[in-house]
Amino acid sequence: MKVSHTFSATSAIFDDDNLVSHAGLVPVMAVAESTGLASSLGDRVDLGTTQVASAGANLAPKLLTVIAGLCCGADSIDDLGMVRSGGHTRLFDRVYAPATIGQTLREFTPGHARALNAVMTQTLPAMCATAGLLPADGSRVFVDIDSLLRPVYGYQKEGGSYGHAKIAGRELLRKGLSPLISTLSAPGHPPVIGNAWLRAGRTASGNGAARMIAE
């Protein structure tokens, strides 16, 4: 038995101004606004002098666009265009194009990543209290810390270096970044990322774990 039709490569285009593909983004961004995320980003993150003059302008709404895209499943700069499709631009203002976001993100250094980390630790308690992400009655909360190795490419990638990885049971060296991520969880609550640090790929797995727990 054979298929009687041949199929060519096609692409789906979402172009209806009256439809929203990620309506759940509305309450998420409302929580972010109510907990002062935008003002915290404006106060703590500053790119200073940039190679592209406009890259550091309107930094808070640009970063909020990135956050909204991540909540929708974006894993690249081009994917951030999903928060501009359909009726999203009628629900949210100051949503920036992927090309504009890319100019800003390319100016980021590990120091700016630490500034973003400070924003997260400052706003997380307010978000937990507003959305009930973690128990507030003194119940036990579990902390899980994991070291990862994520590949990066290109000789100019800042912080990228060769570290040990295991793929299909084989030990090998791979160029990448080694983020250290702590997750908070409690019975009846989904896990919440409590902290995330970027580190060079050659960093030992436990490097900085004690300081992360204290923070």
Along the dipole axis of the chain (charges at Cβ: +1 for Lys and Arg, -1 for Asp and Glu; origin at the Cα centre), the most positive-end residue among 23, 97, 177 is 177
Once residue 51 and residue 89 are pulled to full extension, the length gained, defined as 0.36 nm per residue separation minus their Cα-Cα distance, is 10.8 nm
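Counting pairs of alpha carbon atoms under 8 Å apart in space and at least six apart in sequence, what relative contact order in percent does the range 1-155 give? Intermediate results must be reported in sequence, preceding the final value.
Values: 120 pairs, mean separation 42.6, N = 155.
Relative contact order of the range 1-155: 28 percent.
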For the chain, the percent of accessible surface on carbon and sulfur atoms (probe 1.4 angstrom, ligands and nucleic acids excluded) is 55
With +1 at each Lys and Arg Cβ and -1 at each Asp and Glu Cβ, the charge dipole magnitude of the range 58-215 around its Cα centre, to the nearest 20 debye, comes out at 400
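Keeping all protein chains in place, calculate the accessible area per residue for the range 1-153 (probe 1.4 angstrom), answer in Å².
Numbers: 9700 Å² over 153 residues.
The answer is 63 Å² per residue.
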The Cα radius of gyration of the range 48-128, divided by 2.2 N^0.38 Å with N its residue count, comes to 1.13
Note on the range 76-187: C-alpha Rg/Rh, Kirkwood Rh, two decimals, gives 1.04
Ranking 186, 149, 127 by how far each Cα lies towards the positive end of the charge dipole of the chain (+1 on Lys and Arg Cβ, -1 on Asp and Glu Cβ), the top one is 149
For Cα extents along the principal axes in Å, with candidates [x] 68, 40, 30; [y] 57, 48, 46; [z] 93, 59, 31, the value calculated from the shown model is option [y]
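The values are calculated or read from the model by the stated rules, or taken from the named source; none is laboratory data. Keep in mind the model is a prediction, meaning the values are calculated, not measured. All Cβ positions, even for glycine, are placed from backbone atoms using ideal geometry, and neighbour counts span all protein chains on display. Areas reflect the complete protein model, heavy atoms only, side chains present, ligands, DNA and RNA absent. Shrake-Rupley method; radii C 1.70, N 1.55, O 1.52, S 1.80 Å.
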